[in-house]
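A short worksheet on the structure shown next.
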Amino acid sequence: MNAMPLVGRYATDLTDDDIDRAVNIAPVRIELHGNDANRLADLLDGTLRRIFKADRQVRSIIRYLLSAARAHAEIHLATEKAYLAGLYGRHPWGHVMTPAICLTGLGGVGKSDLFHALARLLGPAIAFAVAGHSNLKSSPLWQLNASEGLGINALLRPHVIHEGGVNDAAVISAKDMRSPRLVHLASRTSWRDGACLMVADELQHVSFGADSNAQVTALLIKLLQIGPRVAFGANFSLLHKLLRRKQEDHQRLLTRPLLMEPMSVDDEDFSAYVRVVIGVAPEFLVFDPRQHQEQLHLYTFGIKRLVVELVVLAFRLARSKNRKATVGGQELLAAYRHFDYSANREAVELLHRQAIQKQMLREDLWCPLAGVEPITQSPSNVVDADAAIQHFERRVEEALLDAALGPKAKGESPQETRVRKRSTAVVTPIRAGKATKEDLIAGANAWNDL
């Protein structure tokens, strides 16, 4: 029999609809009636966090990971003969260490959710048989989560020691199996399972202390020694730490990077996500996906986790004052300015500034693998631009707010709007996005003329 079922589980010809059907978690519509604002807000929070909606970026990354796993399966597990040879071999995957795939991005963009979506797509273990062996189980994906433990034992033991796996009583009872023994068992078990892909997440929980970059590097190298392709999630803080390692570690861990970015303000996928959020409780979440899209993006930088936190906080604040309150533009603004959102607000404003200035303002918010653009302006322009940037920063938050909020969102009546227009100069809206330093200089001059 051909062992192609082990290869065929990594389908690379999936349509967008195929992926969406397998990975999406539809919103559950909920009723938010009652007097306990905190309970209702927690209900809304839990419901929103369970939503998953694939977009173009998610599908692209999933296809990349599937292609990597498929190629690995075709190299090692294409025939029954090759599978049986590895099943009885001491080093079934060989000794070649394939570089890891590094999925990086800001905290909250959905890296962990994507790994869980990939697991849903690949599905649970299924039975298969080869000559002389029946009721084998194909597990196409091993998920490793470092939040459950800091060592290689905590990550691998659930996969190595399970029903149908290692049956050695001494091994099973060992609380801390020696690393070389565990890696060897994991190599043979992953081959038996036909697992051509391992994903490791929450590795920032390993990276504490002065030698944190050495710890997480050592853990990842051990995972690479097992044999399947390794993909790991890394926030920017971890990425900076890994870049402090030696060049040979860079080659093994950072030469296959995938950047998962926040959704852009004019992205239809962002509009679709906002509509899904509203769909959980449309009776109470009354902000308009199109009218308030720019406002929401301004307050969250297009980061899904922050969208949830902002909407939930806006609901909690509104309902604590009025049990019939709904969430519109004014409530989103109040939540953005509230003390509870202050840490997120600082991060969001720094992200907007970094996008304009194109330089790092905080390490955990800056991707160190980003491309470098050549500097072509003269020194005098640089000095003028720095002054313009400082001048711009003092006003950017209120200017951006005013640009994003229309009269209705700011609670103005039509008469107040007419009075404001007569009494103020015409202001060109400032929106977050790409801007040259010449633009900033011109903008600063315009501010000075007001």
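Only the coordinates and a few stated rules stand behind these numbers; no lab work does. These figures come from a predicted structure and were not determined experimentally. Reconstructed Cβ throughout: ideal geometry from the backbone, glycine too, with neighbour counts over all protein chains shown.
Quick rundown of the values:
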{"read-out": "Footprinting exposure proxy for 64, 273 (fewest neighbouring C-beta atoms within 10 Å first)", "value": "64, 273"}
{"read-out": "Fully extended contour minus Cα-Cα distance, from residue 60 to residue 78, at 0.36 nm per residue", "value": "4.0 nm"}
{"read-out": "Gain on full stretching of the segment that runs from residue 324 to residue 218 - 0.36 nm per residue minus C-alpha separation", "value": "32.7 nm"}
{"read-out": "Packing-based ranking, highest mean first, of 244-252, 286-294 given that Cβ atoms within 10 Å are counted", "value": "286-294, 244-252"}
{"read-out": "Residues residue 38 and residue 290, FRET efficiency given R0 of 35 Å [Cβ-Cβ distance, rounded to 0.05]", "value": "0.65"}
{"read-out": "Distant-in-sequence amide H partners of residue 285 (H built 1.01 Å from N, under 5 Å)", "value": "327"}
{"read-out": "Ranking of 324, 137 by count of other Cβ atoms within 10 Å, fewest first", "value": "324, 137"}
{"read-out": "Listed pairs 222/246; 246/304; 53/111; 81/137 exceeding 24 Å between Cα atoms", "value": "246/304"}
{"read-out": "FRET efficiency, 1/(1 + (r/R0)^6) with R0 25 Å, evaluated for residue 26 and residue 264 via beta carbons", "value": "0.55"}
{"read-out": "Note, ³J(HN,Hα) from phi for segment 278-295, Karplus 6.51, -1.76, 1.60, rounded to Hz, x at Gly and Pro", "value": "4, x, 5, 8, x, 5, 10, 9, 9, 5, 8, x, 8, 5, 10, 5, 5, 4"}
{"read-out": "Whole-number D in µm² s⁻¹ for segment 5-259, Kirkwood Cα-pair radius fed into Stokes-Einstein, 10 °C, 1.306 mPa s", "value": "81"}
